[in-house]
Structure formats: structure tokens, C-alpha cells
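The values are calculated or read from the model by the stated rules, or taken from the named source; none is laboratory data. This one's a predicted model, so the numbers in the text were calculated from it and none came from an experiment. Note that each Cβ is placed from the backbone with ideal geometry, even for glycine, and that neighbours are counted across all protein chains shown.
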Amino acid sequence: MSTILSGEAQILAALETVRDPELDEPITSLGFVASCTISAGGAAQVRLRLPTYFCAPNFAFLMVADAYDAVSRVDGVRSVEVVLEDHFAAETINGGVAARAGFVRSFDGEAVAELDQLRADFLRKAVMAGTDQVCRPLLAAGVQPAALVTLTLGEVPPSRALDRLRQRRAELGLPAGDDALLLIDPGTGARVGDDAVPLHLRRARTTRVSVDANAGICRGMLWHRYHARGEGEEET
Amino acid sequence: MYEKDGEKYFVVDSHMHYWNAAPDNWVEGAENYAKGWIECFHAYQSLGPAETHWPIERFQKYSEDDLMKDVFDDGHVDVAVFQPTYLKEWYSEGFNTTERNAILAEKYPGKFILNTRWDPREGDAGLKTLRANVSRYGCKGVKLYTAEWRQGSRGWKLTDPDAYRYLEACQELGITNIHVHKGPTIWPLDKDAFDVADVDHAATDFPALNFIVEHVGLPRIEDFCFMATQEPNVYAGLSVVIGGLMHARPKFFAKVMGELLFWVGEDKMTFGSDYGIWEPRWQVEGFVDWDYPSDEFSDYPRVTTATKKKILGLNAAKLYGIEVPAECRLEPGEGTPAAQDDAQLVARA
């Protein structure tokens with residue numbers, strides 16, 4: 001990065017890489033970062049907040065753990081404290097992440113596995129929702145659904161949505177290069193058959209609608225709860 | 001009944017409450033949970049029109065008079081279905097029990113349908129209570145909250161063996177309507193607590209029961225849609241959909257409605273105000289006036305007056321055997337059938 005960022009800006013930039021796995025959006029733009037600071041000695045402190053006291057603890061844990069990891073990687077950071085506030089499982093999550101204990105040990109007796117599977121399931125949803133984001137403008141421009149079957153990522157006009165779709169696919173280990181097909185099964189990576197295209201596109205659309213609606217509700221709830229914007233929050 | 005432009009709508013509020021979440025009902029040591037729960041509900045209310053917001057004190061504990069006025073006098077509701085939620089680990093006398101609802105149901109005959117609930121973790125004792133409630137109150141439906149905490153457990157699934165015992169008991173006792181509400185916790189916690197796959201299995205194994213998934217499985221609308229389209233006995237409970245989106249996020253509301261009409265179909269969608277979260281009046285009036293806001297939605301199924309009549313009351317009246325006045329019924333042949341073609345499309349994939 002050629003621009004010189006202040007310490008706080010670097011922390012915020014790191015937090016921008018952390019996403020809510022359900023909503024597939026940065027925790028910053030969602031307003032989940034209540035504050036982020038760094039002391040002269042390199043002690044970083046992040047306070048996170050969520051739309052409700054009862055937001056699902058597994059996703060909350062992922063966000064706190066990811067925030068911890070992202071901030072730890074910032075140059076000059078010597079210690080990291082990430083605190084989730086106003087949540088029923090805050091103590092367990094904050095303590096577990098700080099101790100690098102993992103989910104199963106943090107929620108002793110209440111969980112049987114780490115959260116990789118959960119994260120992958122939601123990345124697949126993000127791929128479906130992202131497929132709709134990329135395909136909708138193409139269809140609106142007159143591309144026939146049948147023609148999408150053979151379209152490659154390199155043939156799709158560049159856009160933020162396309163970059164994002166590639167990134168999510170790469171995270172799942174799915175093909176994301178220029179010669180990879182646009183329409184694939186997010187579980188297997190297999191191409192989508194001609195007959196299955198209408199259903200695939202409908203499922204993609206429904207997944208996107210669901211995620212968007214959830215994000216809308218979450219933003220409304222968060223606003224009611226705090227009546228203040230978070231660090232890096234984007235209004236919608 | 002609600003009348004607009006010469007059309008008469010019979011209104012069944014298929015999901016509403018009469019709770020006490022005031023501090024006098026908080027369990028000692030569990031105050032944070034009791035407070036957190038009702039504050040979360042209160043945040044949902046903020047998604048409705050500003051003039052319908054209540055101060056938290058009233059929201060924690062509204063009166064019988066409030067309810068009768070908001071739901072029936074002002075709210076256009078003909079029959080309301082009480083859906084209990086116990087949460088006795090947090091609320092001493094329960095958040096909203098069958099007994100509390102029964103006070104109003106017995107006082108105002110014909111106004112309410114009184115549902116009860118069960119929890120498979122209560123074993124034989126719970127089955128006994130279920131039988132007693134059915135024989136005392138004549139319940140035809142139950143509300144199930146899978147995320148309820150109980151003695152260290154953070155929830156359960158419909159496919160748990162004990163849950164099947166209760167579903168069998170429902171069949172035997174004449175309970176036909178199973179309202180399912182998913183929440184943020186379950187065992188084990190590493191799984192997605194909102195997953196509706198267990199409803200899918202139960203609906204297949206109990207074809208004589210109707211499964212009304214409340215809040216259309218929010219936040220898993222997509223999973224709910226893909227499941228409901230394949231199960232003839234799965235319904236979409238619209239509580240939270242209308243209340244939480246129609247005013248706050250009209251564009252998303254239109255899309256969610258379009259998706260539900262496409263996958264689930266207008267014959268299997270039921271209105272629920274979720275009172276006291278939201279008053280029914282603005283929801284009923286707004287929904288009768290509602291249509292897709294622009295051409296952007298042209299590939300979703302159309303919404304007709306018949307569609308709205310079914311969703312606002314006729315579908316739920318059918319589920320509960322409620323007599324609908326002749327002037328509010330549909331003419332034979334009025335209204336389009338459910339989304340059968342699309343169900344086939346999914347089955348083939």
C-alpha cells in the first residue's frame with residue numbers, strides 16, 4: 001500500500017477484510033465496529049457490537065476470531081484485544097478468542113466441531129447470491145439464459161460483483177480464473193447442465209434476496225439498539 | 001373484517017401473543033436474558049411505522065384492553081391465534097403461556113384460537129401436560145420454539161426421537177397445525193440453528209400434519225423456499241415478513257413476497273401480525289394496498305385481490321376450520337393455484 005495510513009486507519013482497514021459470514025458483508029460497513037484504537041505502544045483494541053443480544057453465537061465467534069486475526073497481522077501491532085459487547089455469550093466468546101481456544105473448547109460441551117463447515121456452507125450461499133449479482137445485469141442486457149452455460153468468468157465484463165464472486169469461489173477452492181465457467185455448482189464445482197440453468201438462476205436469485213432482506217433487518221435492529229453509526233459503517 | 005374498495009377481507013391473525021416480560025416476571029439470576037429477549041423484540045417493533053412504536057415499559061407488559069383494542073377494534077382482525085412461548089428459565093411465570101392466553105380466550109369466546117406448545121426434552125411429564133391442555137382447551141395447534149433453553153440445553157430439532165413421540169401424540173390428539181419457530185441456538189452450537197432440514201423430514205414423515213414455518217424460516221428464507229415447494233403440508237407463516245419489511249424495506253419486502261409466491265404459492269401463506277411486536281392495523285391496511293413497486297418485479301407471480309384474501313385470512317381459516325362469512329369467501333374458481341410447476345422443476349433437479 002503506497003498511501004500512509006494512521007494506526008487507527010490501518011486497524012479499520014484490517015477489519016474491513018472481516019465479514020459477517022451470513023450477510024457476506026464487511027463488519028465495518030454493517031456497523032458492527034463500535035470502535036477501534038491503537039496505542040503508541042502498539043496495543044490494539046477493538047469493540048464489536050451486533051444487532052441483538054441473541055445473535056447466533058457461532059457466527060459471532062467467527063467474527064470476533066477473524067477480527068482478532070486480521071488486526072494481529074497489522075504492522076506495529078504488539079497486542080490485540082477484541083471485545084464483543086452486549087451479547088449473551090460475550091464472556092465465552094471474548095475469553096475463548098483471546099485464549100486461542102477454538103469454538104469447541106470455548107463452548108465446552110455445547111459444540112462438537114469447529115466452525116469450518118459452517119463457514120463453507122455460508123460461502124457457498126455467498127457464491128449463489130454472487131452469481132445472481134453477476135448474471136442479472138447480463139440477462140437485463142439481453143443475454144439468453146442458455147448462453148450463460150458456456151460463458152467464462154473472463155468473458156464477463158469487469159465489475160465489483162465479479163471480483164467478489166471470484167474471491168468467494170477461490171476461498172472455497174473452486175475455479176475462479178478467466179477460463180472457469182460462470183455457472184457452477186457451488187458444492188462440487190461441476191458445470192450446470194443446460195436444463196438446470198433456469199432453476200440454478202432462480203435459486204441464485206432467492207439466495208440473494210434472502211441475504212439482502214436479512215441484512216436490511218439487521219441494520220434496522222442495530223440502529224434501534226445504538227442510535228449511532230459504527231466505524232466505517234455505510235448507510236444504505 | 002376489513003373492507004376496502006368494495007372488497008371484504010376476513011382477517012385471521014395466525015400468530016400473536018399476550019406476554020408479560022416486565023421486570024416483576026424476570027427470574028433472579030437470568031435478568032440479562034429476560035431483558036435481552038424483550039429488548040430484541042422491541043427492536044423489531046422499530047421496523048414498523050413510527051406512530052406505532054411503544055415505549056419499552058408498555059411493550060414489556062401490555063394490558064388486556066390494549067390487546068383487544070389494537071387487535072380487534074382497530075386492527076381489523078376477526079379471529080386471532082395465540083402462539084405461546086414459555087421461556088421459563090428467564091421469566092418466572094413464563095413469557096407467554098397457554099394459561100395466560102387462556103384467560104382471554106375464555107373471556108372472549110369466538111375471538112381466539114388457543115394453541116399450546118410442547119418441548120421434547122420434557123419427556124413423559126410434558127406429554128401428560130400436552131394431553132391435559134388439549135382436553136381442557138381443545139387445542140388444534142401448537143407453537144414450537146426450537147431454540148428454547150432448558151437445564152443447560154440450548155435447543156432441539158424436530159427430528160430428535162423424542163420430538164417424534166410428541167408429533168405422534170399430536171396426530172392422536174387431533175392437533176393438526178404445527179407452528180415452528182427457529183431461533184439462534186440449538187445443540188450442537190456449531191451447526192446452523194436456523195436450518196429447516198428437520199422440518200423437511202418431519203413434514204415427510206407426518207403427512208397428516210401441517211407445518212407452518214413462522215417468519216418463513218428467517219433468516220433462511222431461501223432454504224425454507226426450496227424445502228416448502230416440495231412439501232405439500234409446509235406453509236409460510238408471514239409474521240415478521242410483513243411487520244419487519246413492508247414498511248422498513250419495501251423493496252426487499254416486494255422481493256421476499258415474490259419469492260414466496262413463486263416457490264410456496266398463495267394457497268400456503270398465512271398472515272400473522274406477531275402482536276405485540278407489531279399492531280395488525282397498519283399491516284392489514286398496507287398489505288391490502290400493496291403491489292410490486294415497479295416493473296423490476298415483473299418476473300414474479302402477480303398479486304390479486306384473491307391472493308390477499310387468502311393470505312390475510314382464508315388460508316388460516318381453512319387450517320383451523322374457521323367459518324368464513326359468505327360475503328368474504330372467494331367465488332368458485334377465483335384465485336390462481338399454488339406454484340405446482342415450480343415444485344416439479346425442483347423435484348427434477
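Show the residue pairs that are 6+ apart or on different chains and have beta-carbon atoms under 8 Å apart, the first residue being within the range A:153-171 and over 19 Å from A:D20 (Cα atoms), the second being of a type in the set (G, A, S) and modelled with pLDDT of 95 or more.
Taking only residues 6 or more apart or on different chains, the pairs are A:L153/A:A176; A:L153/A:G177; A:L153/A:A180; A:G154/A:G177.
Hey, among B:A80, B:A43, B:A50, B:A34, which residue is crowded, with 18+ Cβ neighbours inside 10 Å and free of Cβ contacts under 8 Å to residues at least 12 places away in the same chain?
B:A43
Which condition from (1) within 9 Å of chain B (Cβ to nearest Cβ); (2) within 24 Å of A:D212 (Cα to Cα); (3) assigned to a helix (DSSP H, G or I) is the one that A:V104 breaks?
Result: A:V104 fails condition (2) only.
Here's the yes/no breakdown for (1) within 14 Å of chain B (Cβ to nearest Cβ); (2) surrounded by 24 or more Cβ atoms within 10 Å (Cβ to Cβ); (3) acidic (D, E); (4) more than 29 Å from B:A30 (Cβ to Cβ):
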| position | (1), (2), (3), (4) |
| --- | --- |
| A:L5 | no, no, no, yes |
| A:A13 | no, no, no, yes |
| A:R19 | no, no, no, yes |
| A:A40 | no, no, no, yes |
| A:A44 | no, yes, no, yes |
| A:Y53 | yes, no, no, no |
| A:N58 | yes, yes, no, no |
| A:F61 | yes, yes, no, no |
| A:V77 | no, no, no, yes |
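Report yes if A:F61 is assigned to a loop (DSSP other than H, G, I, E, B), within 26 Å of A:A111 (Cβ to Cβ) and either touching a residue at least 40 places away in the same chain (Cβ under 8 Å) or not assigned by TED's automatic domain parsing to the domain that holds A:F122 (or both), otherwise no.
Here the answer is no, as A:F61 does not meet what is asked.
What residue, among those in the range B:7-31 that are under 17 Å from the mean Cα position of the chain (by Cα) and among the hydrophobic types (A, V, I, L, M, F, W, C), is surrounded by the most Cβ atoms within 10 Å (Cβ to Cβ)?
Among those residues, the one meeting the criterion is B:V11.
Taking only the range A:175-210 into account, find how many residues are in a loop (DSSP other than H, G, I, E, B) and over 14 Å from A:G130 (Cα atoms).
Going through the range A:175-210 one residue at a time, the tally reaches 11.
Can you tell me which residue among A:V112, A:V127 is surrounded by fewer than 15 Cβ atoms within 10 Å (Cβ to Cβ), touching a Pro at 6+ places or on another chain (Cβ under 7 Å) and within 14 Å of chain B (Cβ to nearest Cβ)?
After applying the criteria, what remains is A:V112.
Looking only at the range A:130-140, how many residues end up being among the small types (G, A, S) and surrounded by 15 or more Cβ atoms within 10 Å (Cβ to Cβ)?
Counting residues in the range A:130-140 that are among the small types (G, A, S) and surrounded by 15 or more Cβ atoms within 10 Å (Cβ to Cβ) gives 1.
Among (1) within 21 Å of the chain's Cα centre (by Cα); (2) without any contact (Cβ under 8 Å) to a residue 60 or more places away in the chain, where does A:V149 come up short?
(1)
Does B:L144 count as surrounded by 23 or more Cβ atoms within 10 Å (Cβ to Cβ) and assigned to a loop (DSSP other than H, G, I, E, B)?
no
Which ranges mark the helices (runs of 4 or more DSSP H) fully within the range B:177-286 that have 2 or more residues being in contact with a Leu (Cβ under 6 Å, 6 or more places away or on another chain) and within 13 Å of chain A (Cβ to nearest Cβ)?
Counting at least 2 such residues, we get B:250-263.
Residue check, A:Q117 against (1) more than 9 Å from every other protein chain (Cβ to nearest Cβ); (2) loosely packed, with under 15 Cβ neighbours inside 10 Å; (3) in a helix (DSSP H, G or I), all met but one. Which one?
(1)
Looking at A:D163, A:D195, which one is surrounded by fewer than 17 Cβ atoms within 10 Å (Cβ to Cβ), farther than 19 Å from A:A140 by Cα and within 14 Å of chain B (Cβ to nearest Cβ)?
Just one listed residue meets the conditions, A:D195.
Give the range A:222-236 a look and list any residue that's part of a helix (DSSP H, G or I) and either more than 7 Å from every other protein chain (Cβ to nearest Cβ) or surrounded by 23 or more Cβ atoms within 10 Å (Cβ to Cβ) (or both), or say none.
Within the range A:222-236, A:L222, A:W223, A:Y226 meet the criteria.
I'm checking my understanding of the structure. Among residues of the range B:230-251 that are buried (at least 24 other Cβ atoms within 10 Å of the Cβ) and of a type outside the set (A, V, I, L, M, F, W, C), which one is farthest from B:H42 (Cα to Cα)?
Residue satisfying both the conditions and the ranking: B:Y235.
Tell me whether the range A:11-34 contains one or more residues that are in a loop (DSSP other than H, G, I, E, B), in contact with a Phe, Trp or Tyr (Cβ under 6 Å, 6 or more places away or on another chain) and within 30 Å of B:F41 (Cα to Cα).
Yes, there is a match, as at least one residue in the range A:11-34 is in a loop (DSSP other than H, G, I, E, B), in contact with a Phe, Trp or Tyr (Cβ under 6 Å, 6 or more places away or on another chain) and within 30 Å of B:F41 (Cα to Cα).
Can you find, within the range A:84-101, the residue that is farthest from the other protein chains (Cβ to nearest Cβ) among those that are assigned to a loop (DSSP other than H, G, I, E, B) and touching a Lys or Arg at 6+ places or on another chain (Cβ under 9 Å)?
The extreme case among them is A:A99.
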